[in-house]
Amino acid sequence: MESGQNNVVLVAMSEGIIVKGIERKLSDTGINVSYSAPLVNQLSRYEETSAVYVVYIAGDLDSMIDALVYVNDVVKETEKDLLVICENTERNDLHRDIPGLRVTEWFIRPLDMEAFVYGVNKLLKARASRMSARSILVVDDDPSYVRIAREWLKDDYQVFIVTSGMQALTFLMKKTVDLVLLDYEMPVTTGPQVLRMLRSEPDTAGIPVVFLTGIGDAESVKQVIALKPDGYILKSTSKPDLLRWLKVFFSNR
């Protein structure tokens, strides 16, 4: 499968008539489609090159759960998209069985093929626009805050999420971003420790780092500034103020 933002992985129990029809219809619009059985060892082949996962469920939900859990983890970590084709009852069961399931769009069986193909193409166009935007890594151990941050930023920026300092360091050794929003207070590896480690490595020393802090008193702010980050943002900052702050920040670089 070629690398690119036009790559779709179609996950189903087998390549039956309907699945082959989906592949053909998507391919006819110029989309690169690869089929995968719901097996983690097969799905892992596409982790680096896929943009969108389409999971087709046809009364075989129990057999698909492990694959869906794996795909959901990949989607959350890498900003890919997940589309699910299923019945309404299966949709309810999925929400129950996989807490935190992040589906971009649901399509209900029996499938309206024309609406589905249109939806996939629209999504891929939106992804292309989003992927050309500035990239931000949000590092915070608070799941509620990272969910909010993702929702606030996703329409204007590429957003990546990690939930610990060590995950941030591992991520940045593999991929560069335009900005790191780094939680100042984290367990195990703190924000200041992450900043020092990033500054000590030539490959990451130039990445802008802005601290996220929940404490805004003068003494705390003074301690944050003393570490010489590229800025700091209070976690209580509203969405409009955060977006304005980021717009000014990037316009000055």
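When the C-alpha to C-alpha distance is required to be over 28 Å, the pairs from Lys76/Lys228; Lys175/Lys247; Lys122/Lys239 that qualify are Lys76/Lys228.
Cβ-Cβ distance of Asn92 and Ser63, R₀ of 22 Å, FRET efficiency by 1/(1 + (r/R0)^6): the value works out to about 0.75.
Value of Rg to Rh for the range 7-130, rounded to two decimals, is 0.92; Kirkwood radius and Rg both from alpha-carbon coordinates. Run the Debye formula on the Cα coordinates of the range 133-251, all scatterers equal and no solvent, and tell me log10 I(q)/I(0) at q = 0.09 1/Å. One equal scatterer on each Cα of the range 133-251 leads to -0.21. Computed extension gain for Ser27 through Lys228, at 0.36 nm per residue and net of the alpha carbon distance, reaches 67.3 nm. Helix 143-153 and the longest principal axis of the Cα set of the chain meet at an angle near 80°.
Relative to the longest principal axis of the Cα atoms of the chain, the long axis of helix 191-200 lies at roughly 90 degrees.
When the Cα convex hull of the chain is projected onto planes of every orientation, the mean area is 14.9 nm². Calculated FRET efficiency, Glu15 and Met113, Cβ-Cβ r, R0 22 Å, to nearest 0.05? Here the calculated transfer efficiency is 0.85. Tell me what the chain gives for mean residue ellipticity at 222 nm when only DSSP H runs of n ≥ 4 count, each as -39,500 (n - 2.57), the sum divided by the residue total, rounded to 500 deg cm²/dmol. The helix-only estimate for the chain comes to -14000 deg cm²/dmol at 222 nm.
Here, each number is a calculation from the coordinates, and none is a lab measurement. From a predicted model like this one, the values you see are computed outputs, not experimental measurements. Reconstructed Cβ throughout: ideal geometry from the backbone, glycine too, with neighbour counts over all protein chains shown.
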